[in-house]
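Take a look at the structure set out below.
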Amino acid sequence: MLYHEIEGPADGRPLVLAGSLGTTLEMWDPQMEALTGHFRVVRFDHRGHGRSPLSAPTLVLAGADDPATPPGHARRIAEGIPGSRLVVLPGAAHLANVERPEAVSEHLVGHLLQG
């Protein structure tokens, strides 16, 4: 179940607001006063964000040498998902599936066959 909030007049035209990666429904707080005067606003937290849980088996795969999303970022993601597993691949950067295809395939297949 996604955490969501519904505000505005019951007979207002529906307006659904979604956030971007790494945000919560609160990103829309500055607009809510103006929008709820005219629309029935539905806003929600994506899975794994804010108050929407991520409850699927999760593999977080990171390249050890990734400058764009370093392993510390992947570690924080994994720590925020109960029961997740973090794999940091040496010799891989941002395109781990291209740079270490066999290792990525091995981890993906192993993860997907667990369930």
Residues of region 99-115 being of a type in the set (Val, Ile, Thr) and surrounded by 11 or more Cβ atoms within 10 Å (Cβ to Cβ), in sequence order, are Val104
For region 37-57, the count of residues that are part of a loop (DSSP other than H, G, I, E, B) and either β-branched (Val, Ile, Thr) or within 25 Å of Glu79 (Cβ to Cβ) (or both) equals 13
Taking region 62-85 and keeping only residues that are part of a loop (DSSP other than H, G, I, E, B) and surrounded by 14 or more Cβ atoms within 10 Å (Cβ to Cβ), one is left with Ala64, Asp65, Asp66, Pro70, Ile81, Ser84
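Matching residues to (1) in contact with a His (Cβ under 8 Å, 6 or more places away or on another chain); (2) farther than 30 Å from Gly110 by Cα:
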site	(1), (2)
Ile6	no, yes
Gly12	yes, yes
Gly19	yes, yes
Thr36	no, yes
Arg51	no, no
Only unsatisfied item for Leu59, checking (1) modelled with pLDDT of 95 or more; (2) closer than 24 Å to Arg47 by Cα; (3) surrounded by fewer than 12 Cβ atoms within 10 Å (Cβ to Cβ), is (3)
Among the residues of region 1-36, the number that are without any contact (Cβ under 8 Å) to a residue 40 or more places away in the chain, surrounded by 10 or more Cβ atoms within 10 Å (Cβ to Cβ) and part of a loop (DSSP other than H, G, I, E, B) is 8
Being more than 21 Å from Gly19 (Cβ to Cβ) and either part of a helix (DSSP H, G or I) or of a type in the set (Gly, Ala, Ser) (or both) narrows Val109, Val88 down to just Val109
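The values are calculated or read from the model by the stated rules, or taken from the named source; none is laboratory data. Note that the structure is predicted; figures quoted are calculated from it, not measured. For neighbour counting, all protein chains shown are included, and Cβ atoms are generated from backbone atoms with ideal geometry for every residue, glycine included.
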